[in-house]
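Asker: Next up is a structure, given as structure tokens.
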There are 2 protein chains.
Amino acid sequence: MPSAAVRGQGQDRRPESDESSSADDYAKERYGVSSMIQSQEKPDRVLIRIKDLTVEKADEVVWVRGRIHTSRAKGKQCFLVLRQQQFNIQALVAVGQHASKQMVKFAANINKESIVDIEGVVRKAHQKIGGCTQQDVELHVQRIYVISLAEPRLPLQLDDAVRPEVEGEEDGRATVNQDTRLDNRVIDLRTSTSQAIFCLQSGICQLFRETLIRKGFVEIQTPKIISAASEGGANVFTVSYFKSSAYLAQSPQLYKQMCICADFEKVFCVGPVFRAEDSNTHRHLTEFVGLDIEMAFNYHYHEVVDEIADTLVQIFKGLQERFQTEIQTVNKQFPCEPFKFLEPTLRLEYREAVAMLREAGIEMGDEEDLSTPNEKLLGRLVKEKYDTDFYILDKYPLAVRPFYTMPDPVNPKNSNSYDMFMRGEEILSGAQRIHDPQLLTERAQHHGIDLEKIKAYIDSFRFGAPPHAGGGIGLERVTMLYLGLHNVRQTSMFPRDPKRLTP
Amino acid sequence: MPSAAVRGQGQDRRPESDESSSADDYAKERYGVSSMIQSQEKPDRVLIRIKDLTVEKADEVVWVRGRIHTSRAKGKQCFLVLRQQQFNIQALVAVGQHASKQMVKFAANINKESIVDIEGVVRKAHQKIGGCTQQDVELHVQRIYVISLAEPRLPLQLDDAVRPEVEGEEDGRATVNQDTRLDNRVIDLRTSTSQAIFCLQSGICQLFRETLIRKGFVEIQTPKIISAASEGGANVFTVSYFKSSAYLAQSPQLYKQMCICADFEKVFCVGPVFRAEDSNTHRHLTEFVGLDIEMAFNYHYHEVVDEIADTLVQIFKGLQERFQTEIQTVNKQFPCEPFKFLEPTLRLEYREAVAMLREAGIEMGDEEDLSTPNEKLLGRLVKEKYDTDFYILDKYPLAVRPFYTMPDPVNPKNSNSYDMFMRGEEILSGAQRIHDPQLLTERAQHHGIDLEKIKAYIDSFRFGAPPHAGGGIGLERVTMLYLGLHNVRQTSMFPRDPKRLTP
């Protein structure tokens, strides 16, 4: 059967026709449901990418695999939109030399989201084809075989899922709510917006590592199952561990610091971070991806701050250069101002931020932490004054930071610690860590921490420890804020929060 | 005090001298214990890397920061070996214009592993300096300040920790057992061998990702906390999740497959994998790092097998090119034949392996799984016959593989599945996965699996699923076997096994 989707892939199943027996169908070998691809053979066929179908390929016969995005029958013709990731093309099945009326009907009846192999001729379009990424060409179908059939009822419609919310409110057309999206993530991730978000997120990870490797950092792998809660006992998940129990790491910090004490000098890691916080907000997840950095420095922790800030700047620049298509795709659904940043990065001291907020009418103490609304307001004030969406806030009050934070040498109420912000939201928290076991013990006692529980931590610094600093970046937040999205669940493929553990 | 380690870093503490008051000491400003570096200032001082101290720098005055690796006083002189990661240099403190006898004594008394800043003149050595990486130069010390003091008693000696085991047995000199190493990992990771192992491991991760990004793969992040045990209920860690409970993912496979069904086409991820197996062997960990790949293919799963094998080959080549120093450093302690591989990679069918083993006198059935000793033996037979340490074993019996494995289209007792081996040990297991919900249901029933529990998994394939295959690589095993090491705990920074949860 030379015309089966793939010769030798087994007998094709062709749907029964109620109008005519297949004997009357001159195109009967040119369409059908291909049998399941079980690696029966290795055909010598090249499948062309949809994004490569341009006028340069006009009049060529090509094979394409894609999904049926939409189909519309109209008399003796059927117009399909064939989708492949972020790209799509119009395909036409029309009664004629290659296609019978049965074939047109077959094509029109293929369920949306089914995967098909199509042989067709690339034709220059008479006019721009709206709604398709390949606007200048269409595909005239000569053969069509279903590779994988989708069920007829989809849990959500892809067109609804990419519709800007404002438009939906205005004209009453449907959008898809977040729980429906997340419950049916396999479908929701197929939208051009989702494809773009997660390709860009993959890019953030690559740029992060590329930059750090170039700077001489070493990637480390830190354990996630730990014997003692890393930052006190609160907000930690417990794991059964054989006959005993253990915890999930809330941060790789202790291990990063051990690597510094073990002379790796500059380390980074990318991995899951677990927080058993019952926070149901737009920016909290119980499991997120941490991009973590730790670095020994010579004399001043600003050596580290500068490296971290530059790493983020390299990420922002890399995204601009390599991911314009993705940024624009996301912008279509979620319009947003381009992300702005300065070189070198703006660094403000905490006291300056407090002064700016007070000038804007906020009442707050010198040693009071920033509330989330105040962080947002500060972001707007900084943007107005300095025209940047990214900045560093340095020298936090010692009182609002963890016990291992190095006090400021000049003003003992301050500390050598910093946060970094994108569009007014925190994406990184970091500090110079105390590397002296005696001071570390004193500070732990001051915080009322049980020294027995952090003995191993303090002991790590007893055999010569270089001064060091570091910080942890939340990947999903960086993606969200760079793209100007409003919920971290949009930038986590399979988000985990207090109420969601599936899929 | 212009001669303090760093001006303004606070008052230096200088140990009391019993021989002479500091008033008599003409070098008293040239040594001491520097106060803790708290980022007091940003001195304009360049610290030179020890590996860059070569004859080209002869007669230059340089500042260096390093650890006291060894010290040996000899009359009016003290010889230090100063270490920085894998590199070290001899430093000489001798009574003379710059150093007083008190200063020599001070230097000689600094505890090993302390971190010091040294100002010195680089001098060409009269003869090669054995035991140092910088054999052609030594450093004539003019100033020496302790930056971080180590406690006097080290839990293990670095020289013992890098001694080849055979030598230890022969001459009675000490080596360090594995538990002592792991209990004091911060010290053990400072050895040249550990530094080299983990720099090379970082390289494996970079090469893995570089290669896949070049091949058009997208990096994904998959959740580690899951609501249902991914591969049946056995060997899974349970996590308390707010008022409910959850599990730790034994594999990212389901999520990789969902990404394939969501049109990402080629995905990879690097992350922790958790196995609650009570296996106390040289190659099992309860938490390890998985390098995972999943890929949609057109017609035959060998398209995927070829990509995975080529990725490993690119890693092997990249290590040879970029990590020669590290490979040689490890070889000094653990001598080993260089790792051999073919291009393209050797692919044997399971039946061929069974035939080779039978020829070597092993009795086994056609559908019997390979035991670990038989895998090892097969590795030796393959090495003899084909001269490669890396090969693919294809077409495993269906009976020994998981329910989601695609059966072979020709011989239903076989399957479209494969393992990959390095030096006779399995490093990857993979297969074409069943992408058809009906067949998947049948196979699950055949295996006696509760369909209710895998409903979400099966449902992922109901809306059009491309044929796909993939596999998971164990990072620690690849590092171990490439370097010819004998225990996976040597290639996990902070290993987790049924008996070890710390540090």
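The values are calculated or read from the model by the stated rules, or taken from the named source; none is laboratory data. Given the structure is predicted, the values throughout are model-derived calculations rather than measurements. No Cβ is skipped: glycine too gets one built from the backbone with ideal geometry, and neighbour counts run over all protein chains shown. In case anyone asks, the SASA skips ligands and DNA or RNA and just uses the protein heavy atoms, side chains included. Shrake-Rupley method; radii C 1.70, N 1.55, O 1.52, S 1.80 Å.
Asker: Where residues in segment B:134-161 are more than 14 Å from every other protein chain (Cβ to nearest Cβ) and open to solvent by 40 Å² or more (accessible area, probe 1.4 Å), which of them is farthest from A:F461 (Cα to Cα)?
Answerer: Here the residue is B:D136.
Asker: Do we find a residue being part of a strand (DSSP E or B), crowded, with 20+ Cβ neighbours inside 10 Å, away from every other protein chain (no Cβ under 14 Å) and over 31 Å from the mean Cα position of the chain (by Cα) anywhere in segment B:101-117?
Answerer: no
Asker: So which residues in segment B:303-359 are open to solvent by 30 Å² or more (accessible area, probe 1.4 Å) and of a type in the set (S, T, N, Q)?
Answerer: B:Q314, B:Q320, B:Q324, B:T325, B:Q328, B:N331
Asker: When you scan segment B:70-81, how many residues do you find that are touching a residue at least 24 places away in the same chain (Cβ under 8 Å), of a type outside the set (K, R) and either open to solvent by 60 Å² or more (accessible area, probe 1.4 Å) or in contact with a Cys (Cβ under 9 Å, 6 or more places away or on another chain) (or both)?
Answerer: Final tally of qualifying residues: 4.
Asker: Would you confirm, using the coordinates I've provided, whether A:A469 is under 23 Å from B:A150 (Cβ atoms), in contact (Cβ under 8 Å) with a residue 24 or more places away in the chain and open to solvent by 10 Å² or more (accessible area, probe 1.4 Å)?
Answerer: It is false that A:A469 is under 23 Å from B:A150 (Cβ atoms), in contact (Cβ under 8 Å) with a residue 24 or more places away in the chain and open to solvent by 10 Å² or more (accessible area, probe 1.4 Å).
Asker: What single numbered condition from (1) more than 10 Å from chain A (Cβ to nearest Cβ); (2) in a loop (DSSP other than H, G, I, E, B); (3) in contact with an Asp or Glu (Cβ under 8 Å, 6 or more places away or on another chain) fails to hold for B:R181?
Answerer: (2)
Asker: For A:Q206, are the conditions met, namely being in contact with a helix residue (DSSP H, G or I) (Cβ under 7 Å, 6 or more places away or on another chain), open to solvent by 10 Å² or more (accessible area, probe 1.4 Å), in a helix (DSSP H, G or I) and closer than 16 Å to B:F208 by Cα?
Answerer: Here the answer is yes, as A:Q206 does meet what is asked.
Asker: Now for a separate question. For B:K128, indicate whether it is open to solvent by 70 Å² or more (accessible area, probe 1.4 Å), within 11 Å of chain A (Cβ to nearest Cβ) and modelled with pLDDT of 95 or more.
Answerer: In short, no.
Asker: While we're looking at this one, here's another question. Take the residues in segment B:384-398 that are open to solvent by 10 Å² or more (accessible area, probe 1.4 Å) and in contact (Cβ under 8 Å) with a residue 40 or more places away in the chain; name whichever of them is farthest from the other protein chains (Cβ to nearest Cβ).
Answerer: Out of the qualifying residues, it is B:D387.
Asker: Okay, moving on. Could you figure out which of (1) surrounded by fewer than 21 Cβ atoms within 10 Å (Cβ to Cβ); (2) closer than 26 Å to A:A246 by Cα; (3) charged (D, E, K, R) isn't true of A:R496?
Answerer: Failed condition: (1).
Asker: How many residues are more than 11 Å from chain B (Cβ to nearest Cβ) and either of a type in the set (D, E, K, R) or surrounded by fewer than 23 Cβ atoms within 10 Å (Cβ to Cβ) (or both) if we restrict to segment A:399-413?
Answerer: 8
Asker: Among the helices (runs of 4 or more DSSP H) contained in segment A:260-372, which hold 3 or more residues that are within 26 Å of the chain's Cα centre (by Cα) and either of a type in the set (G, A, S) or within 30 Å of B:I50 (Cα to Cα) (or both)?
Answerer: Hits in segment A:260-372: A:302-322.
Asker: Additional query: I'd like to know if segment A:459-467 contains one or more residues that are among the aliphatic types (A, V, I, L, M), assigned by the TED database to the domain that holds A:A353 and not in a helix (DSSP H, G or I).
Answerer: Yes, segment A:459-467 has at least one match.
Asker: Has segment B:250-259 got at least one residue that is closer than 23 Å to B:T311 by Cα, in a loop (DSSP other than H, G, I, E, B), facing chain A (nearest Cβ under 8 Å) and in contact with a helix residue (DSSP H, G or I) (Cβ under 8 Å, 6 or more places away or on another chain)?
Answerer: Looking for residues that are closer than 23 Å to B:T311 by Cα, in a loop (DSSP other than H, G, I, E, B), facing chain A (nearest Cβ under 8 Å) and in contact with a helix residue (DSSP H, G or I) (Cβ under 8 Å, 6 or more places away or on another chain), one finds none in segment B:250-259, hence no.
Asker: In this structure, does B:Q201 turn out to be closer than 22 Å to B:N331 by Cα, in contact with a helix residue (DSSP H, G or I) (Cβ under 7 Å, 6 or more places away or on another chain), at pLDDT 95 or above and open to solvent by less than 50 Å² (accessible area, probe 1.4 Å)?
Answerer: Considered against the rule, which asks whether it is closer than 22 Å to B:N331 by Cα, in contact with a helix residue (DSSP H, G or I) (Cβ under 7 Å, 6 or more places away or on another chain), at pLDDT 95 or above and open to solvent by less than 50 Å² (accessible area, probe 1.4 Å), B:Q201 comes out as yes.
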